[in-house]
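Novice: Once you've had a glance at the structure underneath, I'll fire off some questions.
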Amino acid sequence: MSSEETSSGGIAQEVDESGLGPAGLASIGSVALALYYYYVRGDEQRGQFVGLWPATIIGMATYLKLEQVRQHLEETDD
């Protein structure tokens with residue numbers, strides 16, 4: 001494996017192994033945005049609304065992962 005593949009793939013592999021994929025990063029970003037709206041901008045209602053997004057994002061990611069596992073199990077049963 002070349003050094004380019006190692007450096008670019010290394011970060012992606014670390015993120016995947018830690019379980020912090022795109023949904024985790026989006027959830028963290030959503031929390032940061034909610035705190036920004038709530039405390040910095042003083043828009044409490046918008047901050048609370050954006051603060052509800054992480055649970056939805058993680059729930060959707062969990063559903064998609066379980067669907068992927070279900071499909072894999074169905075393929076192996078055949």
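The values are calculated or read from the model by the stated rules, or taken from the named source; none is laboratory data. As the structure is a prediction and not an experimental result, all values here were calculated from the model.
Novice: Would it be correct to say that SER18 is at pLDDT 95 or above, within 12 Å of the chain's Cα centre (by Cα) and among the hydroxyl-bearing types (Ser, Thr, Tyr)?
Specialist: Taking the combined requirement at face value, the residue does not satisfy it.
Novice: What tally of residues in segment 24-53 results from selecting those that are assigned to a loop (DSSP other than H, G, I, E, B) and within 27 Å of LYS65 (Cα to Cα)?
Specialist: Number satisfying all stated conditions: 1.
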